Amino acid sequence: MNINTNTHIKEEKGVESCALPSYVRLENISLTLSEKSILKDVSFSLPATGISSLIGPSGAGKSSLLRCLTNLYDNWQGTISVAGINTRSWHGGDDALRRHVGLIAQKPAVFPASIYDNVIFGLSRKERKQNQSSRVERCLTQAALWDEVQDRLHDPANTLSVGQQQRLCLARALALEPKVLLLDEPTASLDPRSKQLIEASLHDLAKDMPILCVTHDLEQAQRLQGQVIFMCDGKVIEIAAANDFFEHPERLETREFLRWSVCDCD
């Protein structure tokens, strides 16, 4: 599937369908790493609440885009604004931005500490010295993990299963009280039950915040609903509400990707 340079869509259909104001807006984002163009003029918005699924083949630039949103890559070009504020001039710098915009990686990374201490790891030293029991319970509950660990909060976090560790990472991110949540393949290689629990948590969390979830699981993108953003070769190809995207894709590239789960965008 070849994409000419003039076929990039600055598509707003998915945003407009949400009938909500934009909370996160990306305008003409480009990124080059090691002289290779990774992102090419990417533009889209996230509504104030709800889930957006970011799909596309490996190498499309999805994970790199998440890193740009949190300034883990700082050489991107364009404009990213969150709550109307340019992330380049975020008050308090990148650390404050990453508290506001939480990022959860594909592979769970727990620290050599207790379950309790993992949840509060990102808090300030002063906050960690305070009793954070209510915060820990709230975040573990939001991550659908509380019922499974409430009687062993001081056990080592590495005694948890992989699915539980991923939910612990979600709880740790929520402890910082982010206003936006970014997830990079949060259920990859997890068992069906863990996947179901995480998806249920995301639906609940999305009632109060925008969530952007990178996934290769097209069935998951359908279950998550919201809007779907399809990227290929560093470009946004099509954006639409989930039902419209999967039932009535407008682009030939999209139809071929949905049919074969692969594309050739070079």
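Before moving on, here are some points about what is shown:
- One residue from Asp191, Asp155 being of a type in the set (Asp, Glu) and in contact (Cβ under 8 Å) with a residue 40 or more places away in the chain: Asp155
- Of all residues in segment 122-144 being polar (S, T, N, Q) and outside any helix (DSSP H, G or I), the one that is surrounded by the fewest Cβ atoms within 10 Å (Cβ to Cβ): Asn131
- Residues satisfying the criterion are present in segment 225-233 (criterion: over 16 Å from the mean Cα position of the chain (by Cα), more than 19 Å from Gln142 (Cβ to Cβ) and either surrounded by fewer than 22 Cβ atoms within 10 Å (Cβ to Cβ) or touching a residue at least 12 places away in the same chain (Cβ under 8 Å) (or both)).
- Qualifying residue in segment 190-207 (condition: over 25 Å from Tyr116 (Cα atoms) and surrounded by fewer than 18 Cβ atoms within 10 Å (Cβ to Cβ)): yes
- Against the list (1) surrounded by fewer than 16 Cβ atoms within 10 Å (Cβ to Cβ); (2) modelled with pLDDT under 95, the condition Leu33 fails is (2).
- Residue count for segment 22-55 satisfying the condition of being out of contact with any strand residue (DSSP E or B) (no Cβ under 7 Å at 6 or more places or on another chain) and in contact (Cβ under 8 Å) with a residue 12 or more places away in the chain: 2.
- When Asp147, Asp95 are checked against the criterion of being part of a helix (DSSP H, G or I), among the charged types (D, E, K, R) and touching a Ser or Thr at 6+ places or on another chain (Cβ under 9 Å), Asp147 stands alone in meeting it.
- Qualifying residues in segment 29-52 (those that are part of a strand (DSSP E or B) and of a type in the set (Gly, Ala, Ser)) - the one nearest to Asp74 (Cα to Cα): Ser30
- Being at pLDDT 95 or above and out of contact with any Ser or Thr (no Cβ under 6 Å at 6 or more places or on another chain) is a description that does not apply to Lys13.
- For segment 234-264, a residue qualifies if it is surrounded by 15 or more Cβ atoms within 10 Å (Cβ to Cβ) and basic (Lys, Arg), and the qualifying residues are Lys235, Arg251.
- Some residue of segment 141-151 being among the charged types (D, E, K, R) and modelled with pLDDT under 95: no
- Listed by first and then second residue, the pairs linking a residue in segment 56-82 that is in contact (Cβ under 8 Å) with a residue 40 or more places away in the chain and within 13 Å of Cys213 (Cα to Cα) to a residue that is surrounded by 15 or more Cβ atoms within 10 Å (Cβ to Cβ) and acidic (Asp, Glu), with Cβ atoms under 7 Å apart and 6 or more places separating them unless they lie on different chains, are Ser63/Asp184; Leu66/Asp184.
- Lone qualifier among Ser52, Ser58 - being buried (at least 18 other Cβ atoms within 10 Å of the Cβ), under 23 Å from Leu183 (Cβ atoms) and among the hydroxyl-bearing types (Ser, Thr, Tyr): Ser52
- Criterion applied to Val162, Val214, Val180 was being of a type in the set (Val, Ile, Thr) and within 19 Å of Pro112 (Cα to Cα), and the one residue passing it is Val162.
- Ala109 on the phi < 0 side of the Ramachandran plot, of a type in the set (Gly, Ala, Ser) and in a helix (DSSP H, G or I): no
The values are calculated or read from the model by the stated rules, or taken from the named source; none is laboratory data. Owing to the predicted nature of the structure, the values given are computational and were not obtained by experimental measurement. So basically every Cβ, Gly included, is an ideal-geometry build from the backbone, and we count neighbours across all protein chains shown.
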